[in-house]
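The structure appears right after this line, and notes come after that.
The values are calculated or read from the model by the stated rules, or taken from the named source; none is laboratory data. Fair warning: this is a prediction, and the values are worked out from it, not measured in the lab. Here the Cβ positions follow ideal geometry from the backbone for every residue, glycine too, while neighbour counts run over all protein chains shown.
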């Protein structure tokens, strides 16, 4: 459980825009993914979760920093040198409509990993593909169908089958259920956790839906504007929330019981997520944080254990929340004293 | 209980489920299109005529290049109109126009198909490369496309043929080398949007290389517009070939081809209407059939397009 499979070390990813500015999609993220665990990655749309995922899978070249897989720096590997590693790191994509080639038969889509890596061909490949289809709950007789002939949930199963074809060690799930109906989401999530147990998989599970992440993750990293603001084991993140942003996300979770829902703390963040081309100085969250103080705008907090937290629970905040602290009445104070 | 199990057995009986490919669906729509089917029938007839051109020669007893200066010409040396011996009349040298049209179909179709295939292959490969590889490759190829499209085709063709002399190879090469640019432009545009699709990223995450992504993942997605463009390109090429022949840049005489026949009729059509009418009709019917069929193919591949 403690062996590190993937290590992300101060990774930055910038995209040039047409007007000579750069978008800082990932602005210095360090984290470790341990063997066998599921690491959740949550944040608002546009906070850089998907970019980070693509850096982890080396689909993007990082601007700076490094990504280590099984103790090996993969950031500088050429596409060719990366090829054998592709077997070990796989990605499940968000959009089950966009990630499957509409003009190719499902059998050949799922068979791609085998043909790309010259593992099996002809009837052997077909047999393996059909086994995979059965594994993810698809009818193997639909081998010759086209993606358009499947529902969204079935298509995502195709994506799962393709990702698992080569028995990877790490699967990066980039919002695998966001495009699906809630009832289908549960099926896919259950499928993913069954497969995790069966094949001893490690997941990086990305979502903007905290309730989904909570359900599947051992640890959760909360991202805001390209940075991790809080990283903690799932129970601690929910039980001892330290970062105001995390608390705000948690308060937005729907609660099934209307009585508790009414009395619950509601934190509504003002404003929009700031532009990633020109992020706020200091703590990136200070422009929207109810607890912001002057030094939040001046200096950037480091991701480290705060208060009396264990080393596993790290927060990037100068004024972390204590358990039971009421954030809904907090007022930001950015005046110079 | 047993009944239920039996029912399940019936459903579970192994069956081959064949997915309906977008291509098969388009073919089905095409088959329902009357105009396209009639055009296809006409095209088939023309192809048969080209294949069985020697049969025309055998039935009439007139080889295509045989000059009947006695029975094929009037005492004044003018072409004879349609009659029992020469069904569509004769030309200025007393040759049978019907037989020559049949042989001319061979040239038209041969050039039409070969030049189109060359055009499409060059256009698709360069368009794919430009759109997918991007960067400097794209800049260079896009400029090359612009240059080729801006070169005055006929002038270059005339200059080239005056150097090399007229032949079938030159005709095909000239047409092929100057028509690919528009195909490349269409393909490039499609690829530019396709390469941003997630399935390309998925292929990359599986470890696929550039050429595999280009030909296995992207190519099948540009096939439909390419097929449509191809069917509409064939008549253009046939007319271009006829134009070159008409200008004396086609095939050296006495080879029978439609453009050349129309060209030869220039001094006679006031007295011998059949001399210009029948080769002209052959050209018109062929291009019309291909064009109407091409329209049908376009509608079949893109059912959303308006049928106006």
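Going by what's in this entry, would residue A:159 be described as at pLDDT 90 or above and farther than 18 Å from residue A:37 by Cβ? Yes: the conditions hold for residue A:159.
When you scan the stretch B:286-299, do you find a residue that is assigned to a helix (DSSP H, G or I) and more than 16 Å from the chain's Cα centre (by Cα), even just one? Scanning the stretch B:286-299, I find at least one residue that is assigned to a helix (DSSP H, G or I) and more than 16 Å from the chain's Cα centre (by Cα), so the answer is yes. Residue A:158: under 27 Å from the mean Cα position of the chain (by Cα), at the interface with chain B (Cβ under 9 Å from one of its Cβ atoms) and within 22 Å of residue B:196 (Cα to Cα), yes or no? No, not satisfied.
For residue A:188, the stated conditions do not hold, so it cannot be described as crowded, with 18+ Cβ neighbours inside 10 Å, farther than 13 Å from residue A:96 by Cα and touching a residue at least 24 places away in the same chain (Cβ under 8 Å).
The criterion of being modelled with pLDDT under 90 and either surrounded by fewer than 20 Cβ atoms within 10 Å (Cβ to Cβ) or within 14 Å of chain A (Cβ to nearest Cβ) (or both) holds for residue B:167.
Flag: residue A:141 matches the condition of being out of contact with any helix residue (DSSP H, G or I) (no Cβ under 8 Å at 6 or more places or on another chain) and within 13 Å of chain B (Cβ to nearest Cβ). The selection criterion, being surrounded by 17 or more Cβ atoms within 10 Å (Cβ to Cβ) and within 19 Å of residue B:212 (Cβ to Cβ), does not hold for residue A:102.
So for the stretch A:93-114 (the condition being free of Cβ contacts under 8 Å to residues at least 12 places away in the same chain and more than 8 Å from every other protein chain (Cβ to nearest Cβ)), does at least one residue qualify?
So far as the stretch A:93-114 goes, yes, one or more of its residues are free of Cβ contacts under 8 Å to residues at least 12 places away in the same chain and more than 8 Å from every other protein chain (Cβ to nearest Cβ).
Take the conditions within 28 Å of residue B:293 (Cβ to Cβ), within 12 Å of chain A (Cβ to nearest Cβ), buried (at least 21 other Cβ atoms within 10 Å of the Cβ) and touching a helix residue (DSSP H, G or I) at 6+ places or on another chain (Cβ under 9 Å) and apply them to residue B:222. Does it pass? Yes. Could you check, for the stretch A:74-87, whether at least one of its residues is touching a strand residue (DSSP E or B) at 6+ places or on another chain (Cβ under 9 Å), facing chain B (nearest Cβ under 9 Å), crowded, with 22+ Cβ neighbours inside 10 Å and at negative phi? Among the residues of the stretch A:74-87, not one is touching a strand residue (DSSP E or B) at 6+ places or on another chain (Cβ under 9 Å), facing chain B (nearest Cβ under 9 Å), crowded, with 22+ Cβ neighbours inside 10 Å and at negative phi, which makes the answer no.
Here's the yes/no breakdown for (1) more than 14 Å from every other protein chain (Cβ to nearest Cβ); (2) surrounded by fewer than 16 Cβ atoms within 10 Å (Cβ to Cβ); (3) touching a helix residue (DSSP H, G or I) at 6+ places or on another chain (Cβ under 9 Å):
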| residue | (1), (2), (3) |
| --- | --- |
| A:9 | yes, no, no |
| A:13 | yes, no, yes |
| A:20 | yes, yes, no |
| A:26 | yes, no, yes |
| A:33 | yes, no, yes |
| A:37 | yes, no, no |
| A:45 | yes, yes, no |
| A:48 | yes, no, no |
| A:52 | yes, no, no |
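Return a yes/no flag: does the stretch B:258-276 have any residue that is under 20 Å from the mean Cα position of the chain (by Cα), under 30 Å from residue B:29 (Cα atoms) and crowded, with 17+ Cβ neighbours inside 10 Å. Scanning the stretch B:258-276 turns up no residue that is under 20 Å from the mean Cα position of the chain (by Cα), under 30 Å from residue B:29 (Cα atoms) and crowded, with 17+ Cβ neighbours inside 10 Å. Residue count for the stretch B:244-258 under the criterion of being assigned to a helix (DSSP H, G or I) and farther than 12 Å from residue B:287 by Cβ: the result is 3.
Can you say whether residue A:124 is more than 30 Å from residue A:12 (Cα to Cα), surrounded by fewer than 17 Cβ atoms within 10 Å (Cβ to Cβ), more than 29 Å from the chain's Cα centre (by Cα) and facing another protein chain (nearest Cβ under 7 Å), as far as the supplied structure shows? Against the criterion (more than 30 Å from residue A:12 (Cα to Cα), surrounded by fewer than 17 Cβ atoms within 10 Å (Cβ to Cβ), more than 29 Å from the chain's Cα centre (by Cα) and facing another protein chain (nearest Cβ under 7 Å)), residue A:124 does not qualify. As for the stretch B:61-76, it holds no residue that is outside any loop (DSSP other than H, G, I, E, B) and in contact (Cβ under 8 Å) with a residue 24 or more places away in the chain. Listed by position, the helices (runs of 4 or more DSSP H) enclosed by the stretch A:137-225 that each have at least 3 residues that are over 30 Å from residue B:23 (Cα atoms) are A:182-199, A:210-216. For residue A:175, the test of being surrounded by fewer than 17 Cβ atoms within 10 Å (Cβ to Cβ) and either at pLDDT 90 or above or more than 10 Å from every other protein chain (Cβ to nearest Cβ) (or both) is failed. Only residues that are buried (at least 19 other Cβ atoms within 10 Å of the Cβ), within 24 Å of residue B:139 (Cβ to Cβ) and within 8 Å of chain A (Cβ to nearest Cβ) were counted in the stretch B:198-219, giving 3.
Criterion applied to B:114, B:107, B:122, B:118 was being closer than 15 Å to residue B:262 by Cβ, touching a residue at least 12 places away in the same chain (Cβ under 8 Å) and assigned to a helix (DSSP H, G or I), and the one residue passing it is B:107. Residues of the stretch A:7-22 that are assigned to a strand (DSSP E or B) and over 23 Å from residue A:172 (Cα atoms): A:16, A:22.
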